[in-house]
Structures are given as structure tokens and as C-alpha cells.
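Have a look at the structure below, then the notes.
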Amino acid sequence: MKRRILTLGLAFVLGTVVDAATAQTLKTVKDRGSLICGVSQGLPGFSNPDDKGNWTGFDVDFWRALAAAIVNDSTTVQFMPLSAKDRFEPLKSGEIDLLSRNTTWTLSRDVSYGNFAGVTYYDGQGFMVRKSLKVNSALELNGASVCTQTGTTTELNLADFFRANNMKYEVIAFGSADETVKAYEAGRCDVFTTDVSQLYAEKLKLTNPNDHVILPEIISKEPLGPLVRHGDDQWFDVAKWTLYAMLNAEELGVSSRNVDEALKSNQPEIRRLLGVEGNFGEQLGLTKDWVVRIVRQVGNYGEVFERNVGTSSKLGISRGINRLWTKGGIQYAPPVR
């Protein structure tokens, strides 16, 4: 009995030590003065470097918002390009602080790799084909060869769709997105399948983008979002409330253009959001003006969406269900109060 009590006590102590060791990300980032970020190997509109190595995109701006909130400098971000297959291990091992890399939130990933800090982009899997095939629907793809990427949810969704519709297909899988799109353009397959947002991005890489069309069917739910390690509740809170702050800012009409004027607002929701009232930033381990920093340096959710992937960007994607709930979409953030 004494031995059992001793064993349980030792396990408790060890568990406490492990929890204390993992719950240090915010302090580590503050001490380091920068964030280390897991991103894609190059996906226009989401995370993509230019010829000088400067990263831009929808996922990149989430990182920059975190940096603005924590160290008041949205440029203090180090980027680590990761393949779809190898993206999770650097998060678990502590090589990166957070993974923001067009990653779908699923049960197995949530349990195995970390906590998803919300949905930054509601997506779904689709298909791209050459216009010369004269295909108008994914239901006309019986017998097609399909290019896809390994290490993604895409392969499983593909199998489910063709099986459910009693159609045959040949899958041709590759280790990276670049290999996949190059194989498709070279004619090694009839169809390219991945998340619709990625199809828009990869289409830009083709020699003649206008020769290809994205079919109308969406065959899966792909809620994309940033992922943090298990065991650090404070860091999890900071990550998810950074997203919620950007959504709430858009809903309340606070943008990078008017944030300084908004600080004078008498509206209680705006005053709480911007730290004029309450101690919400301090509760997160940040400063009162953490949201002001985010919006001033990076923008609200709508600004980030529009400049990176929206209708005024090269991708030209409609907001669709990523509109705010007040505008007919499903993007919704808990209140700051």
C-alpha cells in the first residue's frame, strides 16, 4: 500500500514538472523577442516567400498578429517551411511555437498533435481540371486519374467521394504540393484535388491558368486553423483570443484605418476590446493595448482576408461562409468581457 501511494505521488510530481515545463511558451517568446512559425513550403495567398525571402499571406498574418500582441512588433517572426507530411513533429518537439499552415482540424489531429486555436478559414475539398476535358461536374470523373498530395486529409476524402458515387479512379500521390501541381500540369493525371482555397493558389502557378477550371462540387468539410502544443493553456488562450480579437474588431468596425479614433469610442464593447476598460489583456499575460497593436499593425480579420485571398487579391476568392455571422456567414467570436 505504501509503495502504491509512493508511486502515485511520484507520478503526480513528475506530471506537475512536465506541465510546468510545457507551460512556458509565452515567456519563451517574450524572452526571445520573436516567434518561430511553421508554415507551408509556398502557397500563394496563405504563406509564400518572395524572391527576397519575405513571407506574406493569410496564415502569415495570423503569426504577425501574435507578434504584435506579444512583443509589439509584427515583423519579429521566424518562418520554418514544412511539408504536409512532416508538419506536426516540429510542433510536438518544440522546434516551432505554433503551426499555422492551412491545416484541417480533425479529431485525430486534435488528440494526437495539439489544440486547434479556432477556425481561421472554413474550406472544403474540390477538383480542378483542364477546360479541354469539357467536364462540368465532379460526378463526370468516373475512370479519371487524380493527382493529390500525401500526408493530407485529401486522400481519404477522395476515396470516400468516389466510393459513395460508385465511380472508379486512379490516385497518383506526391510528397509535396509543388510536385503535385507540376505533375498535373505535365499531364500525368486528369484531375488535381485539394482544398478549394489551395486550388485557387496553385492555379496561379500554372503556365496558362485560364485553361483550367475549378469544378463546383465541395466534397468535404475542411476547417483550417492554427495548432498549438498540448499542455500550455496560457499559450492556447493567447493564440485563440488573437483570432477572436481580429474577428471582434471587424464586427465592431474597428480597422487599421480607424483604430486610433476608436480608442475614443463610448461604445462599451469597443472600449473593452481595445483595453480602455477592464484588464482583459493582463488576464492573458499581455498588455492592455494588445488588440490595438494587432489591428494597428496587421488589421482586423476582414482586412487580412481581403488583401491575401479576397476578391481584390490575385486569388479572387469570395468570403462565402467566411463572412461574419452578422453578414450571412459562420465566422463568430466570443465576446471580450
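Tabulated values for the structure
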{"item": "Relative contact order, percent, the chain [alpha-carbon distance under 8 Å, six or more residues apart]", "result": "21"}
{"item": "Spatially proximal lysines relative to Lys92 (Cα-Cα < 26 Å; intrachain offsets below 8 disregarded)", "result": "Lys27, Lys30, Lys221, Lys240"}
{"item": "Apportionment of accessible area to carbon and sulfur, the stretch 284-326, percent (1.4 Å)", "result": "54"}
{"item": "Protection proxy ranking, peptides 248-258, 318-328, 218-228, average beta carbon neighbours within 10 Å, highest first", "result": "218-228, 248-258, 318-328"}
{"item": "Positive-end extreme of charge dipole, the chain - chosen from Ile317, Cys189, Asn279 (charges on Cβ)", "result": "Asn279"}
{"item": "log10 of Debye I(q)/I(0), alpha-carbon scatterers only, for the stretch 210-281 at 0.16, 0.22 Å⁻¹", "result": "-0.74, -0.99"}
{"item": "Relative intensity, log₁₀ I(q)/I(0), of the chain from a Debye sum that treats every alpha carbon as a point, q = 0.09, 0.12, 0.15 Å⁻¹", "result": "-0.53, -0.87, -1.22"}
{"item": "Bridge type composition, the chain - antiparallel percent by DSSP, nearest 5", "result": "55"}
{"item": "Centroid-to-centroid separation of the stretch 29-90 and the stretch 210-250 [C-alpha atoms, Å]", "result": "14"}
{"item": "Cα-based equivalent ellipsoid, the stretch 54-139: semi-axes from gyration tensor eigenvalues, Å", "result": "30, 18, 13"}
{"item": "Members of Lys182/Lys327; Lys52/Lys182; Lys85/Lys203; Lys52/Lys314; Lys288/Lys314 lying beyond 30 Å, as alpha-carbon distances in this model show", "result": "Lys182/Lys327; Lys288/Lys314"}
{"item": "Helix runs (DSSP H) in the chain reaching 24 Å along axis by Cα, Kyte-Doolittle at least 0.5", "result": "2-22"}
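The values are calculated or read from the model by the stated rules, or taken from the named source; none is laboratory data. This one's a predicted model, so the numbers in the text were calculated from it and none came from an experiment. Cβ sites come from the backbone with ideal geometry, for glycine too, and all protein chains shown count toward neighbours. Quick note on the areas: whole protein, heavy atoms, side chains included, nothing else; ligands and nucleic acids left out. Shrake-Rupley method; radii C 1.70, N 1.55, O 1.52, S 1.80 Å.
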